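Below is one structure, written out as structure tokens; the observations come after it.
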Amino acid sequence: MKVTKTKIEGCFVIEPKVFEDERGYFFESFNQEKFELLTGAKPFFVQDNQSKSVRGVLRGLHFQTGQYAQAKLVQVLQGEVMDVAVDLRNGSKSFGQVVTHILSSENRKQMYIPRGCAHGFITLSEKAIFSYKCDNFYNKEAEGGIIYNDSTFGIDWLLEDHELILSEKDLQLPAYSESTLV
């Protein structure tokens, strides 16, 4: 497994070692011992989630607050997305930084997003199946978010505005300056 640091402190891109032959492929998608050794992070994952989206679906930017904050290990099982993390941790050396990375079923990369970061993704392929592990349980009262196009962060979502598909809930998220932060 290859681990690459990003400009967000504690956020990593992970590339598994893939074994391929005429039968297909095999790779270890998670190994707690190796993960801790290579990242220094020690998450204990308690919840796995999966979503299916069509091209243009943008989910985010979401986070959980307080004792319900979540670290996530995300990957794409089918298709391609651009994954996004925004550091919202006051006092962090990388506060306000944004990381984007293309994750796909072809490159098999994963991204680890630490607690205190907002997270989102946009589907670039015709459809995508997105999977993520969380180190804390979801709590509706602790959910927060920031509108996807907040000028504070200037995220290039790679598609034109007319191509974007957002839930009504995500369209109602506040600007960063009005949000309840992590």
Checklist entry - Got at least one residue in the range 31-53 being of a type in the set (Asp, Glu) and more than 14 Å from the chain's Cα centre (by Cα)? => result yes
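Taking the range 70-89 as the search range and keeping residues that are among the hydrophobic types (A, V, I, L, M, F, W, C) and either surrounded by fewer than 19 Cβ atoms within 10 Å (Cβ to Cβ) or in contact with a Cys (Cβ under 8 Å, 6 or more places away or on another chain) (or both), which one is farthest from Gly154 (Cα to Cα)?
Kept after step one, since they are among the hydrophobic types (A, V, I, L, M, F, W, C), are these residues of the range 70-89: 71, 73-74, 76-77, 81-82, 84-86, 88.
Going one step further and asking which of them are either surrounded by fewer than 19 Cβ atoms within 10 Å (Cβ to Cβ) or in contact with a Cys (Cβ under 8 Å, 6 or more places away or on another chain) (or both), we end up with 71, 77, 85-86, 88.
Numbers: Ala71: 23, Leu77: 28, Ala85: 13, Val86: 11, Leu88: 15 Å.
Result: Leu77.
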Checklist outcome for this item: Pairs returned, first residue in the range 119-145 that is at pLDDT 95 or above, second residue that is of a type in the set (Lys, Arg) and surrounded by fewer than 16 Cβ atoms within 10 Å (Cβ to Cβ), beta-carbon separation under 8 angstrom, 6 or more apart or interchain, are Lys127/Lys52; Ala128/Lys52; Ile129/Lys52; Phe130/Lys52
Checklist entry - Would it be correct to say that Ser94 is modelled with pLDDT of 95 or more, polar (S, T, N, Q), within 30 Å of Val18 (Cβ to Cβ) and outside any loop (DSSP other than H, G, I, E, B)? => result no
Next on the checklist: Yes or no: the range 152-162 includes at least one residue that is within 20 Å of Ala69 (Cα to Cα) and more than 17 Å from the chain's Cα centre (by Cα).
Outcome noted: no
Next on the checklist: Being surrounded by fewer than 21 Cβ atoms within 10 Å (Cβ to Cβ) and farther than 23 Å from Thr4 by Cβ is true for just one of Ser51, Ser104, Ser92, Ser29. Which residue is that?
Outcome noted: Ser51
Item to check | In the range 1-23, the residues that are among the acidic types (Asp, Glu) and either in a loop (DSSP other than H, G, I, E, B) or under 19 Å from the mean Cα position of the chain (by Cα) (or both) | outcome: Glu9, Glu15, Glu22
Checklist entry - When residues of the range 36-76 are filtered for being part of a strand (DSSP E or B) and among the hydroxyl-bearing types (Ser, Thr, Tyr), how many remain? => result 2
Checklist outcome for this item: Being more than 26 Å from Gln78 (Cα to Cα), surrounded by 20 or more Cβ atoms within 10 Å (Cβ to Cβ) and either touching a His at 6+ places or on another chain (Cβ under 9 Å) or of a type in the set (A, V, I, L, M, F, W, C) (or both) narrows Ile146, Ile122 down to just Ile146
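Results for (1) farther than 18 Å from Gly145 by Cα; (2) out of contact with any strand residue (DSSP E or B) (no Cβ under 6 Å at 6 or more places or on another chain), shown as yes or no for each residue.
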residue: Val3; (1), (2): yes, no
residue: Ile8; (1), (2): yes, no
residue: Glu22; (1), (2): yes, yes
residue: Ser29; (1), (2): yes, yes
residue: Ala41; (1), (2): yes, yes
residue: Lys52; (1), (2): yes, no
residue: Val76; (1), (2): yes, no
residue: Asp83; (1), (2): no, no
residue: Ser105; (1), (2): yes, no
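The values are calculated or read from the model by the stated rules, or taken from the named source; none is laboratory data. Because the structure is a prediction, the values reported are computed rather than measured. Please note: Cβ atoms are built from the backbone with ideal geometry, for glycine as well, and neighbour counts cover all protein chains shown.
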